Amino acid sequence: MLFNSMTFAVFLLAVFILYHIVPVRFRWVFLLAASYAFYMNLHIAYGLLLLFTTVLTYVLALGLEKTPDHAKKRLCLLGGVLPLVAVLLLFKLGAPVIDRINALIGAGRLALQPLTLKILLPAGVSFYFFQSMGYLIDVYKGKIRAERHFGYYALFVSFFPQLLAGPIGRADALLPQFKKERRFDYENVTYGLKLMAWGYFKKLVIADVFADVVNKIYNNPYSYVGLVFIIVTVMFAIEIYCDFSGYSDIAIGCAKLFGMELTTNFKSPYLSFSVREFWSRWHISLSTWFRDYVYIPLGGNRVPKWRNCLNLLITFLVSGFWHGSSLTYILWGAVHGLLQIAEVFIYPKTRRGVPVTRKKHWWQLPVTFALLCFTWIFFRANTIQDAFWIISRLFWDIGRPVNYLKTAVICLDMPYLSMCGMMLSAALLLLYDLVSLKQDVIALVSRQKAPIRFGVYVLLLVVIALFSHKGIATEFIYFQF
């Protein structure tokens, strides 16, 4: 069930109304049932893996807490983490391996079908796997107590707003919320609806529209050269940001309808002065997950500098592999790791043991954004060969500036009105992100006088209705991860 489908709109309305009718003490039961219905709407078998993950980690967490012996505790932890990692590896490596076998044995009757694995792989499986593994590790480290109530824990793993693509919740922040008595809160509900509307604007008006142009060029790169690659790479940077942060906004806003607070997942990431800062603003729930459960256990920055650099590289290689087994994702993670290593030397946090206060310069913003866009080439390219072709043709014919620009306009083959609309939507996004650095934009608009306030709301809804794709519910990019 996609957030941008009519099915979800009907589902959410029904769940919202019934949730506030159901007696308070049974609301967690209703939300749990709704979450499983939401997930199994994609495929009925998906619920089995979700239930297996829940039961496995619930039982092992109780065992971790009751076992005083350190060796047995470690065995319990491995008993929960290793099966989940093995399942992830199966799905991420299984289809490519089958494709390779098919290439060797031919497309005869004996050919294997990677679709079988795809059907069995639930959308967003990585997200609730990571959430469950994080819970187990926190119990193992003694940061939290194991949850005794199976129903509350099952809801923590399956809560439908965040189930498919996060934000990845932490047990100490989310679990207690399910146990509190929730009453209808007008301010909370209206704030959630406004945040959802902004998320839909980013997904439907920006991400989906930009995707049409990006897909045309990136899916056939050998027909193009020059400036067009730079333009569509910047467009992809905006597309993936609006697609994913749009999902997060919808998820966070949706949770607010039920009185729940999910963690913030994006904080104007393209207004970062360094790649290191970008990762503190981009997909925050996942980047902090890798920090806490991969980078820090490896030693973090509490080790010699060479080891710290190795830890950074390993962490980002794991992050790249998490996105997919394709070499493009691995290289994307490696490049980010190398950029982080470079910044360890360029922007040291301490000098001779004394903390360094680093002044930020305006030129760091465009330089950082350019580096990020360069890395997105590897992320978006269909193959590593495509990526290197695009990189090698970025500045083709730049010695003739007029021709360089003219060729790009011809390659884009877009009406000028469409170009202007896309630039205006990108400018609105930039304005929102700039203001959000200082204050909550939605709260700011909500404080305005009624004519201004409702004028903004109506304008946003009209723009979504007029400029989004009609009758097409496109999948969110991060569902494939």
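The values are calculated or read from the model by the stated rules, or taken from the named source; none is laboratory data. Predicted, not measured: the structure shown is a model, and the values here were computed from it. Here Cβ is always computed from backbone atoms with ideal geometry, including for glycine, and neighbour counts include all displayed protein chains. Only protein heavy atoms, including side chains, enter the accessible area calculation; ligands, DNA and RNA are left aside. Shrake-Rupley method; radii C 1.70, N 1.55, O 1.52, S 1.80 Å.
Couple of notes before you dig in:
- Test: residue in region 293-307 that is of a type in the set (A, V, I, L, M, F, W, C) and within 30 Å of TYR432 (Cβ to Cβ): no
- Screening LEU42 with (1) of a type in the set (A, V, I, L, M, F, W, C); (2) farther than 18 Å from ALA165 by Cα; (3) at pLDDT below 80 gives one miss only, at (2).
- Within region 445-481, considering residues that are more than 30 Å from PHE91 (Cα to Cα) and at pLDDT below 70, the one most open to solvent (accessible area, probe 1.4 Å): LYS470
- Check on ARG302, of a type in the set (Lys, Arg), assigned to a loop (DSSP other than H, G, I, E, B) and open to solvent by 20 Å² or more (accessible area, probe 1.4 Å): yes
- Pair list, Cβ under 6 Å, 6 or more apart: region 274-302 residue within 17 Å of TYR347 (Cβ to Cβ), other residue open to solvent by 20 Å² or more (accessible area, probe 1.4 Å): VAL275/LEU339; TRP279/SER287; ARG281/LYS267
- Residues in region 152-168 that are open to solvent by less than 10 Å² (accessible area, probe 1.4 Å), in a helix (DSSP H, G or I) and among the aromatic types (Phe, Trp, Tyr) were compared, and the one that is farthest from THR264 (Cα to Cα) is TYR153.
- Hey, PHE388 out of contact with any Gly (no Cβ under 7 Å at 6 or more places or on another chain), free of Cβ contacts under 8 Å to residues at least 12 places away in the same chain, within 30 Å of SER325 (Cβ to Cβ) and in a helix (DSSP H, G or I) or not: yes
- Pair list, Cβ under 9 Å, 6 or more apart: region 402-417 residue open to solvent by 100 Å² or more (accessible area, probe 1.4 Å), other residue of a type in the set (Val, Ile, Thr): ILE410/VAL228
- Pairs meeting the criteria (first residue in region 248-265 and on the phi < 0 side of the Ramachandran plot, second residue crowded, with 23+ Cβ neighbours inside 10 Å and of a type in the set (Ser, Thr, Tyr), beta carbons under 6 Å, at least 6 apart or on different chains) are ASN265/SER248.
- Residue in region 283-290 that is exposed (fewer than 15 other Cβ atoms within 10 Å of the Cβ) and assigned to a helix (DSSP H, G or I) present: no
- Some residue of region 303-320 being more than 21 Å from LEU88 (Cβ to Cβ) and of a type in the set (Lys, Arg): yes
- Sole exception among (1) touching a residue at least 60 places away in the same chain (Cβ under 8 Å); (2) open to solvent by 20 Å² or more (accessible area, probe 1.4 Å); (3) touching a helix residue (DSSP H, G or I) at 6+ places or on another chain (Cβ under 7 Å) for SER326, by number: (3)
- Residue match in region 378-385 (condition: part of a loop (DSSP other than H, G, I, E, B) and among the hydroxyl-bearing types (Ser, Thr, Tyr)): yes
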